Each structure stands twice: as C-alpha cells, then as structure tokens.
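First, the structure itself, so that you have it in front of you.
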Ligand code: IPM
Ligand code: MN
C-alpha cells in the first residue's frame, strides 16, 4: 500500500517520540512491502516561532492532502503562565481538530501483562481492562460561546451541543460496541445540564437501531469513581469533549504510565493519530521520554488502513520490549533505563 502521512512533530518531546514512530513504521513498511512517504509540517509553539501561528494554512494543506496525520505533542511552558498571550500552541490543536472535522477521539485504555504491577491500582482491579473512551472532539464547551463581561470581572464558557453532533458520535459508539462486547455507556451529567439531557435523549432514541447493544447511562462524577474502582466493568464509553478530556487522563493511570496510551481522532474523512500525553517540556531534548504511546498510535493508524497484521506486529514487539525491560525511565524503576532513541532502535530491529 502507498501511504502519504503528514508528520506533525510539534513541541517538547514531540519530535523525539515521533522519530521513533517513524523508525518503527518504516521497518513495518519494509517488512510488509508498503511505501510510506512522510511530509513534515509545523505546528504548536514551533509554528508560532516560525510563522506566528500554531496551525498555519500551509500545515492544514499538508494534512488535507495526506492519507493520515501522525501527531506528536504541542504546548510550551512559556505560554502557560502568561494570560496575556494572544496566540497559544493549544489553539493550533483545536483549530486543527475543527478544520479537519475530527469529531471523534478514540482513546483506548488497556493493560500490559508485564506492567500490571506498575499501576498504582491493585492488580485484581485492573487486570483485563480493555475499554475505549470515545470523546466528542469538535463541540461542547471547547468551542462554545465564550468571553468576558462586567468590566472584565465575569468570564464565561458555554457548553452547546446539537442533536446532529450527538448522533454522529453516538453512532460511532454503537458501531464500535457492535465490534466488541456490545456494551455502550453514555457518560453525562443529565441530572444537571441541559446539553447532557439532549445527549441522553438522543442516544436513547438510537437504541432501537442497535437492539443488540446494551446501553447504560451514568453520571460523569460516578464514572470518575467507578473507572478506577472497576475499570473492568466498562467497554465502549461515549462522552462530551470536556468530560472525555478529564476521564481519559484518569484512565491512563490504569495502564501504569501516561507514556503508553495511543489515540486516534477521526472525522468523515481525515484521520489523525497521537499519543494522549502532552509535550512534557521538562524532558524535551533529553532523549528520555517514553515513545510507546506514539508508536502504538502508529499501530492504530495501520489498523485503520486495514493493515491488521502490521498493527499486530507493532503491538507484539512493544509487548516484547516491555517484558524484556527495554523501557524508558518512567517504567524502569531502578533497573536500567533505555533512551527514547534506544527503545525505538530496539523495536525496529526486533520487527
Ligand atoms: C488533550 C489535551 C488537549 C485537550 C489540550 C492540549 C488542548 O489535553 O488532547 O487531551 O484538552 O483536548
Ligand atoms: Mn487532555
């Protein structure tokens, strides 16, 4: 297969982890006879420095022309404590999601047999966890009306959803549930929020189209608790943008390290793959960040192109590296810590 992939490394550790994903993907391409061409483009603080905005039109053009986008991370501390900054790297990410129409963010959480004891949660609670949080990504409070009033003394952000927005993400949830254990949990706050009541009524109305799927409705506060108590009880979950942002960080604790969990963002046409972690600026340039989340994101990309064997090869070699202790410092716990690039080299040479 011939694939044209846009490569948006971004900020902080982004370029380092992206390099490893490219290394591993190129090895997969060589082994299975594919032809991948990578087209790099600027995003985040790196793009602000170069051209004054975090998601320039030139980058959008590269993404639109590509079969998929592989994304590293964005964010830079010099913007975090500067409320006056007019342009922020994160705006680039939001603009990209919106312009590419990436309305569904697929964030799986699973455990690795060799890492179960690295999780702060008890083995018996997390063993066998295999859930997917489907986060709505281009609506809700992230994109609602916002502003200041009363002489700048009041600030507001609004959470708005249309029935159509809920339907399209819910449909993805139902379809995904049909390929798995046919369980779907709709996470909302329908006891308080009107937009959540619209979610619930929309999903309820769709249930008859998917009679085989068992749907449960849970409030987000209760889910926050149950997710770490009994993660095993969940399979496919759908939720709005903000709740999904929070719950997916929480869920990543189950796997043992934030550096492990991949994600895909998909729309009608565009596809983007990225680790769920951020730009980890403290580690930038040190060759110590865990590249596995990005490498596993590349595996999701192969899977979505129907290249199941290729995806499996990546997951298998990742499991092997974990079992053999070829890990970065976040997982080394006193044992030898490998460099980011060494982990990438090891994986590529073991494919
Ligand atoms: C994420 C991140 C982003 C989000 C930030 C960087 C804008 O936390 O992808 O989860 O909130 O969506
Ligand atoms: Mn987040």
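The values are calculated or read from the model by the stated rules, or taken from the named source; none is laboratory data. The shown structure was predicted, so the numbers you read here are calculated from the model rather than taken from an experiment. For neighbour counting, all protein chains shown are included, and Cβ atoms are generated from backbone atoms with ideal geometry for every residue, glycine included.
Output the residue which, of all residues in segment 252-276 that are over 20 Å from residue 5 (Cβ atoms) and touching a helix residue (DSSP H, G or I) at 6+ places or on another chain (Cβ under 6 Å), is farthest from ligand 2 (Cβ to nearest atom).
Filtering first and then ranking leaves 256.
Among the numbered conditions (1) within 29 Å of residue 257 (Cα to Cα); (2) in a loop (DSSP other than H, G, I, E, B), tell me where residue 190 comes up short.
The one condition residue 190 does not meet is (1).
Hey, among the residues in segment 34-68 that are touching a residue at least 40 places away in the same chain (Cβ under 8 Å), out of contact with any helix residue (DSSP H, G or I) (no Cβ under 9 Å at 6 or more places or on another chain) and part of a helix (DSSP H, G or I), which one's surrounded by the fewest Cβ atoms within 10 Å (Cβ to Cβ)?
My answer is 65.
Within segment 213-238, how many residues are touching a residue at least 60 places away in the same chain (Cβ under 8 Å) and farther than 21 Å from residue 171 by Cβ?
Count: 5.
If you don't mind, another one. Does segment 69-82 contain at least one residue that is assigned to a helix (DSSP H, G or I) and under 17 Å from the mean Cα position of the chain (by Cα)?
No; the residues of segment 69-82 include none that is assigned to a helix (DSSP H, G or I) and under 17 Å from the mean Cα position of the chain (by Cα).
Further, regarding this structure: Across segment 206-243, what is the number of residues that are in contact with a helix residue (DSSP H, G or I) (Cβ under 9 Å, 6 or more places away or on another chain) and in a helix (DSSP H, G or I)?
The total comes to 16.
Only one of 137, 184, 176 is within 16 Å of ligand 2 (Cβ to nearest atom), in contact with a strand residue (DSSP E or B) (Cβ under 9 Å, 6 or more places away or on another chain) and not assigned by TED's automatic domain parsing to the domain that holds residue 303. Can you tell me which?
After ruling out the rest, the residue left standing is 137.
Name every residue in segment 96-113 that is more than 12 Å from the chain's Cα centre (by Cα), surrounded by 21 or more Cβ atoms within 10 Å (Cβ to Cβ) and part of a loop (DSSP other than H, G, I, E, B), in order of residue number.
Within segment 96-113, 100, 103, 111 qualify.
Please tell me if residue 90 is assigned to a helix (DSSP H, G or I), away from ligand 1 (no atom under 16 Å from the Cβ) and within 20 Å of the chain's Cα centre (by Cα).
It is false that residue 90 is assigned to a helix (DSSP H, G or I), away from ligand 1 (no atom under 16 Å from the Cβ) and within 20 Å of the chain's Cα centre (by Cα).
Next question. For residue 214, work out the one condition from (1) under 27 Å from residue 302 (Cβ atoms); (2) in the same structural domain as residue 193 (by TED's automatic domain parsing) it doesn't fulfil.
Answer for residue 214: the failing condition is (1).
For segment 114-137, how many residues meet the condition of being under 17 Å from residue 188 (Cα atoms) and outside any strand (DSSP E or B)?
1
Right, next: For segment 69-100, how many residues are free of Cβ contacts under 8 Å to residues at least 60 places away in the same chain and within 30 Å of residue 35 (Cβ to Cβ)?
Residues meeting the conditions: 3.
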